[in-house]
2 protein chains.
Amino acid sequence: MKRSEVRQAQETTARMLSEHGMILTVEEQSRIEVADFGLNRLQQEGLELITYVNTDRYCAKELVLFPRQTCPEHLHPPVGSDPGKMETFRCRFGKVFLYVDGEASEDIQAAIPEGSEPYYTVRHEIELNPGEQYTIPPGTKHWFQAGDAGAIVSEFSSTSRDEFDIFTDPRIRRIPEITND
Amino acid sequence: MKRSEVRQAQETTARMLSEHGMILTVEEQSRIEVADFGLNRLQQEGLELITYVNTDRYCAKELVLFPRQTCPEHLHPPVGSDPGKMETFRCRFGKVFLYVDGEASEDIQAAIPEGSEPYYTVRHEIELNPGEQYTIPPGTKHWFQAGDAGAIVSEFSSTSRDEFDIFTDPRIRRIPEITND
(Lines give C-alpha, C1' and ligand atoms only; values in the text may rest on other atoms or scores of the structure.)
Protein backbone atom coordinates (compact mmCIF):
# COMPACT_ATOMS: atom_id res chain seq x y z
CA MET A 1 0.00 0.00 0.00
CA LYS A 2 1.07 3.54 -0.64
CA ARG A 3 1.32 5.89 2.29
CA SER A 4 -1.32 8.17 0.74
CA GLU A 5 -3.78 5.27 0.54
CA VAL A 6 -3.20 4.44 4.19
CA ARG A 7 -3.73 8.07 5.19
CA GLN A 8 -6.94 8.33 3.18
CA ALA A 9 -8.31 5.12 4.70
CA GLN A 10 -7.47 6.42 8.18
CA GLU A 11 -9.39 9.63 7.50
CA THR A 12 -12.44 7.79 6.16
CA THR A 13 -12.37 5.47 9.18
CA ALA A 14 -12.16 8.31 11.73
CA ARG A 15 -15.01 10.09 9.97
CA MET A 16 -17.24 6.99 9.90
CA LEU A 17 -16.60 6.44 13.60
CA SER A 18 -17.28 10.03 14.64
CA GLU A 19 -20.48 10.12 12.57
CA HIS A 20 -21.75 7.23 14.67
CA GLY A 21 -20.83 8.49 18.14
CA MET A 22 -17.40 6.83 18.38
CA ILE A 23 -14.95 9.62 19.21
CA LEU A 24 -11.19 9.00 18.83
CA THR A 25 -8.42 11.15 20.25
CA VAL A 26 -5.98 12.73 17.76
CA GLU A 27 -3.35 10.23 18.89
CA GLU A 28 -5.72 7.34 18.19
CA GLN A 29 -6.64 8.72 14.77
CA SER A 30 -2.95 8.68 13.82
CA ARG A 31 -2.56 5.01 14.72
CA ILE A 32 -5.66 3.62 13.01
CA GLU A 33 -4.46 0.35 11.51
CA VAL A 34 -5.18 -0.13 7.82
CA ALA A 35 -4.78 -3.81 6.93
CA ASP A 36 -4.71 -4.90 3.31
CA PHE A 37 -3.21 -8.27 4.29
CA GLY A 38 -0.51 -7.83 1.64
CA LEU A 39 -3.08 -8.36 -1.14
CA ASN A 40 -2.96 -4.77 -2.39
CA ARG A 41 -6.69 -4.39 -2.94
CA LEU A 42 -7.82 -2.75 0.25
CA GLN A 43 -11.38 -1.92 -0.85
CA GLN A 44 -12.09 -5.59 -1.64
CA GLU A 45 -10.11 -7.43 1.03
CA GLY A 46 -9.13 -5.32 4.00
CA LEU A 47 -10.00 -4.02 7.43
CA GLU A 48 -9.53 -0.82 9.41
CA LEU A 49 -9.20 -0.95 13.17
CA ILE A 50 -8.24 0.91 16.30
CA THR A 51 -7.10 -0.97 19.39
CA TYR A 52 -8.34 0.77 22.53
CA VAL A 53 -6.67 -1.57 24.99
CA ASN A 54 -4.83 -4.89 24.79
CA THR A 55 -3.63 -6.31 28.11
CA ASP A 56 -2.64 -9.84 29.13
CA ARG A 57 -6.29 -10.29 30.25
CA TYR A 58 -8.56 -8.61 27.69
CA CYS A 59 -8.66 -6.55 24.54
CA ALA A 60 -11.08 -4.07 22.93
CA LYS A 61 -11.02 -2.71 19.39
CA GLU A 62 -13.28 -0.87 17.00
CA LEU A 63 -13.38 -2.48 13.54
CA VAL A 64 -14.45 -0.54 10.47
CA LEU A 65 -15.37 -2.03 7.11
CA PHE A 66 -15.94 0.02 3.99
CA PRO A 67 -18.96 -0.90 1.81
CA ARG A 68 -18.69 -4.61 0.89
CA GLN A 69 -15.12 -4.76 2.20
CA THR A 70 -14.16 -8.25 3.38
CA CYS A 71 -11.90 -9.44 6.17
CA PRO A 72 -10.34 -12.67 4.87
CA GLU A 73 -10.85 -16.07 6.50
CA HIS A 74 -8.63 -16.81 9.48
CA LEU A 75 -8.55 -18.40 12.93
CA HIS A 76 -6.90 -17.69 16.26
CA PRO A 77 -4.81 -20.68 17.37
CA PRO A 78 -3.65 -21.56 20.91
CA VAL A 79 -0.48 -19.67 21.88
CA GLY A 80 1.43 -21.17 24.81
CA SER A 81 -0.97 -21.54 27.75
CA ASP A 82 -3.58 -19.37 25.97
CA PRO A 83 -6.30 -21.52 24.33
CA GLY A 84 -6.57 -18.95 21.52
CA LYS A 85 -8.36 -15.66 21.17
CA MET A 86 -12.10 -15.66 21.91
CA GLU A 87 -13.92 -12.65 20.49
CA THR A 88 -17.35 -11.02 20.55
CA PHE A 89 -18.38 -8.94 17.53
CA ARG A 90 -21.04 -6.34 18.29
CA CYS A 91 -22.45 -4.49 15.30
CA ARG A 92 -22.80 -0.76 15.98
CA PHE A 93 -23.58 0.56 12.52
CA GLY A 94 -24.39 -0.92 9.11
CA LYS A 95 -24.67 -4.62 8.47
CA VAL A 96 -22.16 -7.46 8.76
CA PHE A 97 -22.32 -10.87 7.17
CA LEU A 98 -20.21 -13.16 9.34
CA TYR A 99 -19.25 -16.71 8.34
CA VAL A 100 -18.00 -19.34 10.77
CA ASP A 101 -17.28 -23.07 10.87
CA GLY A 102 -20.53 -25.04 10.87
CA GLU A 103 -23.34 -26.17 8.62
CA ALA A 104 -23.20 -24.21 5.35
CA SER A 105 -26.07 -21.76 4.82
CA GLU A 106 -28.02 -22.34 1.61
CA ASP A 107 -27.67 -18.93 0.00
CA ILE A 108 -25.07 -16.62 1.42
CA GLN A 109 -25.54 -12.87 1.21
CA ALA A 110 -21.86 -11.93 0.88
CA ALA A 111 -20.07 -11.93 -2.45
CA ILE A 112 -16.78 -13.79 -2.18
CA PRO A 113 -13.93 -11.58 -3.47
CA GLU A 114 -13.11 -12.50 -7.05
CA GLY A 115 -9.91 -14.43 -7.47
CA SER A 116 -9.83 -15.48 -3.81
CA GLU A 117 -12.62 -18.10 -3.95
CA PRO A 118 -10.49 -21.05 -2.75
CA TYR A 119 -9.62 -19.20 0.44
CA TYR A 120 -13.16 -18.66 1.70
CA THR A 121 -14.17 -22.11 2.90
CA VAL A 122 -16.66 -21.66 5.77
CA ARG A 123 -20.26 -20.80 4.90
CA HIS A 124 -22.32 -20.76 8.10
CA GLU A 125 -23.87 -17.29 7.91
CA ILE A 126 -24.69 -14.94 10.78
CA GLU A 127 -26.19 -11.57 9.89
CA LEU A 128 -25.46 -8.81 12.39
CA ASN A 129 -27.42 -5.56 12.49
CA PRO A 130 -26.87 -2.70 14.97
CA GLY A 131 -27.23 -3.99 18.54
CA GLU A 132 -26.68 -7.62 17.53
CA GLN A 133 -23.58 -9.58 18.49
CA TYR A 134 -21.94 -12.96 18.15
CA THR A 135 -19.13 -14.66 20.08
CA ILE A 136 -16.55 -16.66 18.11
CA PRO A 137 -14.86 -19.47 20.08
CA PRO A 138 -11.06 -19.93 19.84
CA GLY A 139 -9.81 -21.93 16.86
CA THR A 140 -12.92 -21.22 14.75
CA LYS A 141 -12.36 -20.29 11.11
CA HIS A 142 -14.23 -17.07 10.25
CA TRP A 143 -14.49 -14.25 7.72
CA PHE A 144 -16.83 -11.31 7.37
CA GLN A 145 -18.08 -8.74 4.89
CA ALA A 146 -19.89 -5.42 5.34
CA GLY A 147 -23.18 -4.60 3.64
CA ASP A 148 -23.60 -1.77 1.14
CA ALA A 149 -23.19 1.03 3.71
CA GLY A 150 -20.08 -0.40 5.38
CA ALA A 151 -20.04 -1.33 9.06
CA ILE A 152 -18.71 -0.51 12.50
CA VAL A 153 -18.12 -3.44 14.84
CA SER A 154 -16.97 -3.31 18.45
CA GLU A 155 -14.73 -6.25 19.21
CA PHE A 156 -14.47 -7.42 22.83
CA SER A 157 -12.00 -10.27 23.30
CA SER A 158 -9.34 -12.05 25.24
CA THR A 159 -5.75 -10.91 24.61
CA SER A 160 -5.04 -10.19 20.96
CA ARG A 161 -1.91 -11.61 19.30
CA ASP A 162 -2.57 -10.82 15.64
CA GLU A 163 0.87 -12.06 14.56
CA PHE A 164 -0.19 -15.66 15.30
CA ASP A 165 -3.43 -15.56 13.27
CA ILE A 166 -3.67 -18.32 10.68
CA PHE A 167 -5.13 -17.22 7.33
CA THR A 168 -6.53 -19.67 4.79
CA ASP A 169 -5.03 -17.66 1.90
CA PRO A 170 -1.29 -18.41 1.77
CA ARG A 171 -0.63 -15.13 -0.06
CA ILE A 172 -1.62 -13.10 3.00
CA ARG A 173 0.90 -11.12 5.03
CA ARG A 174 -0.76 -9.75 8.17
CA ILE A 175 1.71 -6.91 8.68
CA PRO A 176 1.50 -4.71 5.57
CA GLU A 177 4.32 -3.14 3.62
CA ILE A 178 3.88 0.59 3.20
CA THR A 179 5.74 2.43 0.46
CA ASN A 180 6.21 6.14 -0.06
CA ASP A 181 4.13 7.62 -2.86
CA MET B 1 -36.59 1.05 44.60
CA LYS B 2 -40.06 0.90 43.20
CA ARG B 3 -40.63 -1.02 40.03
CA SER B 4 -41.85 2.14 38.27
CA GLU B 5 -38.59 3.94 39.13
CA VAL B 6 -36.56 1.07 37.71
CA ARG B 7 -38.61 1.08 34.52
CA GLN B 8 -38.26 4.83 34.09
CA ALA B 9 -34.49 4.66 34.62
CA GLN B 10 -34.26 1.86 32.04
CA GLU B 11 -36.13 3.98 29.50
CA THR B 12 -33.95 7.03 30.11
CA THR B 13 -30.83 4.86 29.80
CA ALA B 14 -31.91 3.26 26.51
CA ARG B 15 -32.76 6.69 25.12
CA MET B 16 -29.41 8.21 26.14
CA LEU B 17 -27.58 5.27 24.55
CA SER B 18 -29.50 5.37 21.28
CA GLU B 19 -29.05 9.14 21.02
CA HIS B 20 -25.31 8.55 21.01
CA GLY B 21 -25.10 5.69 18.51
CA MET B 22 -25.32 2.82 21.00
CA ILE B 23 -28.19 0.62 19.84
CA LEU B 24 -29.63 -2.03 22.16
CA THR B 25 -31.90 -4.90 21.19
CA VAL B 26 -35.35 -5.02 22.79
CA GLU B 27 -34.15 -7.94 24.94
CA GLU B 28 -31.18 -5.90 26.15
CA GLN B 29 -33.37 -2.88 26.91
CA SER B 30 -35.48 -5.06 29.20
CA ARG B 31 -32.46 -6.21 31.21
CA ILE B 32 -30.76 -2.84 31.74
CA GLU B 33 -29.54 -3.02 35.32
CA VAL B 34 -30.52 -0.12 37.55
CA ALA B 35 -28.30 -0.09 40.64
CA ASP B 36 -29.18 2.12 43.60
CA PHE B 37 -26.86 0.11 45.86
CA GLY B 38 -29.66 -0.18 48.41
CA LEU B 39 -29.34 3.53 49.29
CA ASN B 40 -32.71 4.51 47.80
CA ARG B 41 -31.55 7.72 46.18
CA LEU B 42 -30.79 6.61 42.66
CA GLN B 43 -30.27 10.07 41.14
CA GLN B 44 -27.51 10.87 43.66
CA GLU B 45 -25.81 7.49 44.15
CA GLY B 46 -26.50 4.99 41.42
CA LEU B 47 -25.49 3.51 38.09
CA GLU B 48 -27.25 2.11 35.02
CA LEU B 49 -25.59 -0.59 32.97
CA ILE B 50 -26.01 -3.20 30.31
CA THR B 51 -23.69 -6.21 30.15
CA TYR B 52 -22.99 -7.18 26.55
CA VAL B 53 -20.86 -10.21 27.34
CA ASN B 54 -19.27 -11.72 30.45
CA THR B 55 -17.23 -14.88 29.89
CA ASP B 56 -14.54 -16.54 32.01
CA ARG B 57 -12.01 -14.53 29.96
CA TYR B 58 -13.40 -11.02 29.39
CA CYS B 59 -16.37 -8.76 29.92
CA ALA B 60 -17.86 -5.71 28.18
CA LYS B 61 -20.55 -3.36 29.48
CA GLU B 62 -22.00 0.03 28.73
CA LEU B 63 -22.32 2.23 31.83
CA VAL B 64 -24.71 5.18 31.94
CA LEU B 65 -24.69 7.93 34.53
CA PHE B 66 -27.42 10.54 34.85
CA PRO B 67 -26.33 14.17 35.39
CA ARG B 68 -24.05 14.31 38.47
CA GLN B 69 -24.99 10.72 39.40
CA THR B 70 -22.23 9.01 41.39
CA CYS B 71 -21.09 5.39 41.49
CA PRO B 72 -19.96 4.83 45.09
CA GLU B 73 -16.40 3.91 46.06
CA HIS B 74 -15.47 0.24 45.76
CA LEU B 75 -12.75 -2.15 44.70
CA HIS B 76 -12.52 -5.52 42.96
CA PRO B 77 -10.71 -8.05 45.18
CA PRO B 78 -8.95 -11.27 44.13
CA VAL B 79 -11.40 -14.18 43.77
CA GLY B 80 -9.80 -17.64 43.84
CA SER B 81 -7.07 -17.74 41.19
CA ASP B 82 -8.31 -14.45 39.66
CA PRO B 83 -6.18 -11.48 40.81
CA GLY B 84 -9.30 -9.28 40.73
CA LYS B 85 -11.14 -7.44 38.01
CA MET B 86 -9.07 -5.08 35.85
CA GLU B 87 -11.15 -2.57 33.92
CA THR B 88 -10.78 0.10 31.26
CA PHE B 89 -13.27 2.98 31.27
CA ARG B 90 -13.67 4.68 27.91
CA CYS B 91 -15.80 7.83 27.88
CA ARG B 92 -18.16 7.93 24.89
CA PHE B 93 -20.40 10.86 25.78
CA GLY B 94 -20.45 13.56 28.46
CA LYS B 95 -17.81 13.92 31.11
CA VAL B 96 -16.69 11.64 33.91
CA PHE B 97 -14.74 12.53 37.02
CA LEU B 98 -12.97 9.38 38.15
CA TYR B 99 -11.19 9.04 41.50
CA VAL B 100 -8.65 6.33 42.29
CA ASP B 101 -6.10 5.46 44.98
CA GLY B 102 -3.09 7.78 44.76
CA GLU B 103 -1.99 11.30 45.59
CA ALA B 104 -5.03 13.46 46.38
CA SER B 105 -5.81 16.14 43.79
CA GLU B 106 -5.94 19.66 45.25
CA ASP B 107 -9.44 20.66 44.17
CA ILE B 108 -11.73 17.95 42.99
CA GLN B 109 -14.46 18.69 40.47
CA ALA B 110 -17.03 16.20 41.74
CA ALA B 111 -19.38 17.00 44.59
CA ILE B 112 -19.37 14.21 47.15
CA PRO B 113 -22.95 13.05 47.81
CA GLU B 114 -24.29 14.66 50.96
CA GLY B 115 -24.48 12.36 53.95
CA SER B 116 -22.04 9.87 52.41
CA GLU B 117 -18.83 11.89 52.91
CA PRO B 118 -17.02 9.30 55.08
CA TYR B 119 -17.36 6.68 52.34
CA TYR B 120 -15.56 8.60 49.59
CA THR B 121 -11.92 8.33 50.64
CA VAL B 122 -9.80 8.40 47.45
CA ARG B 123 -9.20 11.77 45.78
CA HIS B 124 -6.80 11.26 42.87
CA GLU B 125 -8.81 12.79 40.02
CA ILE B 126 -8.88 11.72 36.37
CA GLU B 127 -11.17 13.67 34.04
CA LEU B 128 -12.46 11.69 31.07
CA ASN B 129 -13.97 13.34 28.01
CA PRO B 130 -15.27 11.53 24.91
CA GLY B 131 -12.48 9.42 23.40
CA GLU B 132 -10.45 9.37 26.61
CA GLN B 133 -9.95 6.27 28.72
CA TYR B 134 -8.28 5.00 31.88
CA THR B 135 -7.41 1.49 33.08
CA ILE B 136 -8.00 0.67 36.75
CA PRO B 137 -5.73 -2.08 38.15
CA PRO B 138 -7.25 -4.84 40.33
CA GLY B 139 -7.68 -4.01 44.01
CA THR B 140 -7.74 -0.23 43.42
CA LYS B 141 -10.38 1.78 45.28
CA HIS B 142 -12.34 3.97 42.86
CA TRP B 143 -15.53 6.01 42.47
CA PHE B 144 -16.84 8.23 39.71
CA GLN B 145 -19.36 10.96 38.97
CA ALA B 146 -20.83 12.27 35.73
CA GLY B 147 -20.73 15.92 34.72
CA ASP B 148 -23.82 18.07 34.23
CA ALA B 149 -24.96 16.28 31.04
CA GLY B 150 -24.54 12.73 32.37
CA ALA B 151 -22.16 10.27 30.75
CA ILE B 152 -21.83 7.09 28.74
CA VAL B 153 -18.80 4.92 29.48
CA SER B 154 -17.77 1.72 27.71
CA GLU B 155 -16.23 -0.69 30.19
CA PHE B 156 -13.80 -3.31 28.85
CA SER B 157 -12.56 -5.68 31.54
CA SER B 158 -11.54 -9.10 32.74
CA THR B 159 -14.35 -11.33 34.03
CA SER B 160 -16.92 -9.45 36.10
CA ARG B 161 -18.04 -10.85 39.47
CA ASP B 162 -20.02 -7.92 40.90
CA GLU B 163 -21.18 -9.91 43.91
CA PHE B 164 -17.60 -9.84 45.31
CA ASP B 165 -17.12 -6.06 44.99
CA ILE B 166 -16.10 -4.41 48.25
CA PHE B 167 -17.79 -1.06 48.91
CA THR B 168 -16.45 1.49 51.40
CA ASP B 169 -19.98 2.38 52.54
CA PRO B 170 -21.21 -0.44 54.84
CA ARG B 171 -24.85 0.50 54.14
CA ILE B 172 -24.52 -0.60 50.52
CA ARG B 173 -26.28 -3.67 49.14
CA ARG B 174 -25.10 -4.37 45.59
CA ILE B 175 -28.18 -6.38 44.61
CA PRO B 176 -31.17 -4.03 44.94
CA GLU B 177 -34.55 -4.76 46.43
CA ILE B 178 -37.36 -3.91 44.06
CA THR B 179 -40.88 -3.41 45.40
CA ASN B 180 -44.16 -3.17 43.56
CA ASP B 181 -45.61 0.33 43.34
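Going from most exposed to least, what order do A:175, A:23, B:126 have by accessible area with a 1.4 Å probe?
Values: A:175 120, A:23 60, B:126 25 Å².
Solvent-accessible surface, decreasing: A:175, A:23, B:126.
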For residue B:81, label point 7 Å along C-beta direction: distances to other copies, nm: 0.8
Karplus-derived HN-Hα couplings along the range B:42-57 (A = 6.51, B = -1.76, C = 1.60, θ = phi - 60°), whole Hz, x at Gly and Pro: 3, 5, 8, 10, x, 7, 10, 8, 10, 8, 6, 7, 9, 10, 6, 10
Share of pairwise Cα separations in the range A:66-107, more than 11 Å, in percent: 78
Nm distances between copies for residue B:115, ranked from closest, using label points 7 Å along Cα→Cβ: 7.0
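Per-residue ellipticity at 222 nm for chain A, helices alone: DSSP H runs ≥ 4 residues times -39500 (n - 2.57), over residue total, nearest 500 deg cm²/dmol? List each step's numbers first, then the result.
Working: 2 runs with 22 residues, N = 181.
My calculation for chain A gives -3500 deg cm²/dmol from helical runs alone.
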Those lysines that a straight Cα-Cα span of less than 29 Å connects to residue B:85, excepting residues fewer than 8 apart in one chain: A:61, A:85, B:61, B:95, B:141
Check: the protein assembly as shown dipole with +1 on Lys, Arg Cβ and -1 on Asp, Glu Cβ, in debye: 20
GNM top mover of B:155, B:132, B:33 - chain B, alpha-carbon springs below 10 Å: B:132
Closest Cβ on chain B to the rotation axis that carries it onto A (distance rounded to whole Å): B:21, 1
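Can you classify the range A:80-170 as rounded, prolate or oblate using the Cα gyration tensor, where a ≥ b ≥ c are the square roots of its eigenvalues, rounded means a/c under 1.5, and otherwise it's prolate if a/b beats b/c and oblate if not?
Cα axes put the range A:80-170 in the oblate bin.
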Solvent exposure of chain B as accessible area per residue, Å², 1.4 Å probe: 43
Average projection area in nm² (convex hull over Cα atoms of chain A, one quarter of hull surface): 10.3
Ranked packing of B:158-169, B:98-109, most packed first, by mean Cβ within 10 Å: B:158-169, B:98-109
Part-to-part distance (alpha-carbon centres) for the range B:93-126 and the range A:1-73, which is given in Å: 35
Charge-dipole axis of the range A:3-167 as Lys and Arg at +1 and Asp and Glu at -1 on Cβ define it, positive-most pick from A:71, A:21, A:135: A:21
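Enter the mean number of other protein chain beta carbons within 10 Å of the beta carbon of each residue in B:128-136, as an integer. The partial results should precede the final answer.
Working: counts 0, 2, 6, 11, 3, 5, 0, 3, 0.
Counting other chains' Cβ atoms within 10 Å and averaging over B:128-136 gives 3.
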Distances in nm from residue A:40 to the matching label points in the other copies, shortest first (labels 7 Å along Cα to Cβ): 7.3
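How big is the dipole moment of the range A:3-167 about its Cα centre under a simple scheme where the beta carbon of each Lys and Arg is +1, that of each Asp and Glu is -1, and everything else is neutral? Debye, nearest 20, please.
On the way: 15 positive and 28 negative charges, 77 e Å.
Computed charge dipole of the range A:3-167: roughly 380 debye.
Starting with the highest mean, order A:140-147, B:9-16 by the number of other Cβ atoms within 10 Å, averaged over the residues of each peptide. Spell out each step's value before the answer.
On the way: A:140-147: 22.6, B:9-16: 18.5.
Ranked from most to least packed, the peptides come out as A:140-147, B:9-16.
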Counting all C-alpha pairs of the protein assembly as shown, share separated by more than 41 Å (%): 16
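The values are calculated or read from the model by the stated rules, or taken from the named source; none is laboratory data. From a predicted model like this one, the values you see are computed outputs, not experimental measurements. Every residue, glycine among them, receives a Cβ derived from its backbone with ideal geometry; neighbour counts consider all protein chains shown. For accessibility, only protein heavy atoms count, side chains too; no ligands or nucleic acids. Shrake-Rupley method; radii C 1.70, N 1.55, O 1.52, S 1.80 Å.
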